[in-house]
1. Which of the residues that make up region 173-227 are open to solvent by 70 Å² or more (accessible area, probe 1.4 Å) and closer than 26 Å to Asp152 by Cβ?
2. Specify the residue that is farthest from the chain's Cα centre (by Cα); the eligible residues are those in region 1-18 that are without any contact (Cβ under 8 Å) to a residue 24 or more places away in the chain and open to solvent by less than 80 Å² (accessible area, probe 1.4 Å).
3. Looking at region 110-138 only, could you name the residues that are under 16 Å from the mean Cα position of the chain (by Cα) and without any contact (Cβ under 8 Å) to a residue 24 or more places away in the chain?
4. With open to solvent by 70 Å² or more (accessible area, probe 1.4 Å) and either of a type in the set (Ser, Thr, Tyr) or under 20 Å from the mean Cα position of the chain (by Cα) (or both) as the only criterion, which of Ile141, Ile160 stands out?
5. Return yes or no: is Thr244 in a strand (DSSP E or B), at pLDDT 95 or above, open to solvent by 60 Å² or more (accessible area, probe 1.4 Å) and of a type outside the set (A, V, I, L, M, F, W, C)?
6. Determine whether Ile136 is buried (at least 16 other Cβ atoms within 10 Å of the Cβ) and farther than 18 Å from Gly115 by Cβ.
7. Would you mention how many residues in region 146-157 are under 30 Å from Arg36 (Cβ atoms), open to solvent by 30 Å² or more (accessible area, probe 1.4 Å) and among the β-branched types (Val, Ile, Thr)?
8. For the list (1) touching a Leu at 6+ places or on another chain (Cβ under 7 Å); (2) open to solvent by less than 80 Å² (accessible area, probe 1.4 Å); (3) at pLDDT below 95; (4) not aromatic (Phe, Trp, Tyr), I need the number of the one condition that Val27 fails.
Amino acid sequence: VHGVAMGVVHISYTLGSGCVASWVMTVDPLAPIVGRDSVCLGSDRWLTNIVGGGVWSSSVPAVASILFDSGKVSGHLAGITSITYLLPTGCRSTVQFTVIAYPGGITGTKKACPGTNTTLFNTTGGGAWTSGNPGIATVNINTGVVTGVYADTVDITYTILPGCAVYTRVTINPLPAPVTGVSIMCPNTKDSVHDATVDGLWSSSPSTIAKVIDTTGEVYALAQGVSTIKYTLPTGCFRTKTVTVQPLPI
């Protein structure tokens, strides 16, 4: 006899003489186990079955244990176990259940400036990157490239299925104040640039056109052309200003 659907059926055995023996057969109810078939290591999840009165069990409790009367599964060790729901009738439903370890720690440079990038890494593949506040920093979902937007701190998260996640805090350092001062010079003259933010250093490129004193901001025009003056803070965040050295008259 093969049970097909819940209910009661008469099973008959008939001889060639026409004599019949019969038996009443009951197919008891059985329903599938419902719920996600995986959990993160150290986390809990609930499984359910619409047929009441059953008892839950796990084939490998060291991997995942389950409360016999509630369907609450707790992941203890990365691996696979079988979760069974057994009814008093002897009917049972079974599902394979996986405990997934959290991804490894996030590495990489965890600071940037508004408008600059830094890249974070995780050795566990197949995950997705997200930012706790894209208004402070965005992150590429696949590559882990973080782009600073606004000076503050933000949590960057790396998640693998079924939602196992690790995070790290990234600091977006502030830019210095805008650079002020000279913009146009003549060769063989001296002037200066300024920044209201303290503790930075000055540099120029190319320094053959305009050279700046790193601590004072004094600019010396050397030759005709355009030079970029940069003011950099100890955090690496910087501002720039263009200085144009005009040609001398003939």
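1. Pro174, Pro178, Thr180, Ala196, Val198, Asp199, Leu201
2. Step one: list which residues in region 1-18 are without any contact (Cβ under 8 Å) to a residue 24 or more places away in the chain, which gives 2, 4-5, 7-18.
Next, only the ones that are open to solvent by less than 80 Å² (accessible area, probe 1.4 Å) stay: 5, 7, 9, 11-12, 18.
Working: Ala5: 45, Gly7: 50, Val9: 55, Ile11: 59, Ser12: 63, Gly18: 73 Å.
So the residue we want is Gly18.
3. Phe121, Thr123, Gly125, Asn133, Pro134, Thr138
4. Values: Ile160 fails: open to solvent by 70 Å² or more (accessible area, probe 1.4 Å).
It is Ile141.
5. Numbers: in a strand (DSSP E or B): yes; at pLDDT 95 or above: yes; open to solvent by 60 Å² or more (accessible area, probe 1.4 Å): no; of a type outside the set (A, V, I, L, M, F, W, C): yes.
Considered against the rule, which asks whether it is in a strand (DSSP E or B), at pLDDT 95 or above, open to solvent by 60 Å² or more (accessible area, probe 1.4 Å) and of a type outside the set (A, V, I, L, M, F, W, C), Thr244 comes out as no.
6. Taking the combined requirement at face value, the residue does not satisfy it.
7. 1
8. The single condition Val27 does not satisfy is (1).
The values are calculated or read from the model by the stated rules, or taken from the named source; none is laboratory data. It should be emphasised that the depicted structure is a prediction, and the values quoted were computed from it without experimental measurement. Reconstructed Cβ throughout: ideal geometry from the backbone, glycine too, with neighbour counts over all protein chains shown. With ligands, DNA and RNA removed, areas are computed over all heavy atoms of the protein, side chains included. Shrake-Rupley method; radii C 1.70, N 1.55, O 1.52, S 1.80 Å.
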